[in-house]
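For reference, the structure discussed in these notes is given below.
The values are calculated or read from the model by the stated rules, or taken from the named source; none is laboratory data. Predicted model, so just to flag it, every value in this text is computed and none were measured. Every residue, glycine among them, receives a Cβ derived from its backbone with ideal geometry; neighbour counts consider all protein chains shown. For accessibility, only protein heavy atoms count, side chains too; no ligands or nucleic acids. Shrake-Rupley method; radii C 1.70, N 1.55, O 1.52, S 1.80 Å.
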Amino acid sequence: MGPRPRSQTIQESAPLASGTEITVVNGKKKKYKITSIGKLIDDALAEVEKKNPKLKNVLNKNYTQLQLPAESLIGLINLIAEIPFQHEDLDAKDILGHVYEYFLGQFALAEGKKGGQYYTPKSIVSLVVEMLEPFKGRAYV
């Protein structure tokens, strides 16, 4: 069995008490002492940047400074873990777009279609773009 995904390690570690030591596998095994959930997220994002130089100074790494309640961060981590990623259907360049689309769709379902607002599923938007057949430029869907 290979190493667990970073997101799974974060999700499993977030509810642990401050001061708990965990083993992190990031190329090699090392011990990590949890001081806060915010710091755990910040450190994980810093590691993501190390492995992906294009993300340097792009990710927001100030969860420690925000001093959000632990329950809020745990809830956010668990919510993101529920996003159904079908990797074979995703363009690796647009993972953030997929997350945004998922939350927008969930919000639209929760709120209904109040005041004439609606959400168009990606499959419909993609179909319209294909029918229009843009041969030049980019279509942001």
- Note on the structure: Calc'd 3J(HN,Hα), region 64-78, phi into Karplus 6.51 cos²θ - 1.76 cosθ + 1.60 (θ = phi - 60°), Hz, glycine/Pro = x, comes to 5, 5, 5, 6, 6, x, 4, 4, 5, 5, 4, x, 5, 4, 5
- Note on the structure: Scalar couplings 3J(HN,Hα) for region 21-30 by Karplus 6.51 cos²θ - 1.76 cosθ + 1.60 (θ = phi - 60°), nearest whole Hz, x for Gly and Pro, are 9, 10, 9, 10, 10, 9, x, 9, 6, 8
- Task: Keeping the other protein chains in place, figure out the carbon and sulfur percent of the accessible area of region 1-86, with a 1.4 Å probe.
- Result: 56 percent
- Scalar couplings 3J(HN,Hα) for region 7-19 by Karplus 6.51 cos²θ - 1.76 cosθ + 1.60 (θ = phi - 60°), nearest whole Hz, x for Gly and Pro, are 5, 5, 4, 5, 4, 6, 8, 3, x, 6, 5, 4, x
- Please sort 37-47, 54-64 by packing, taking for each peptide the average over its residues of neighbouring beta carbons within 10 angstrom, highest first. 37-47, 54-64
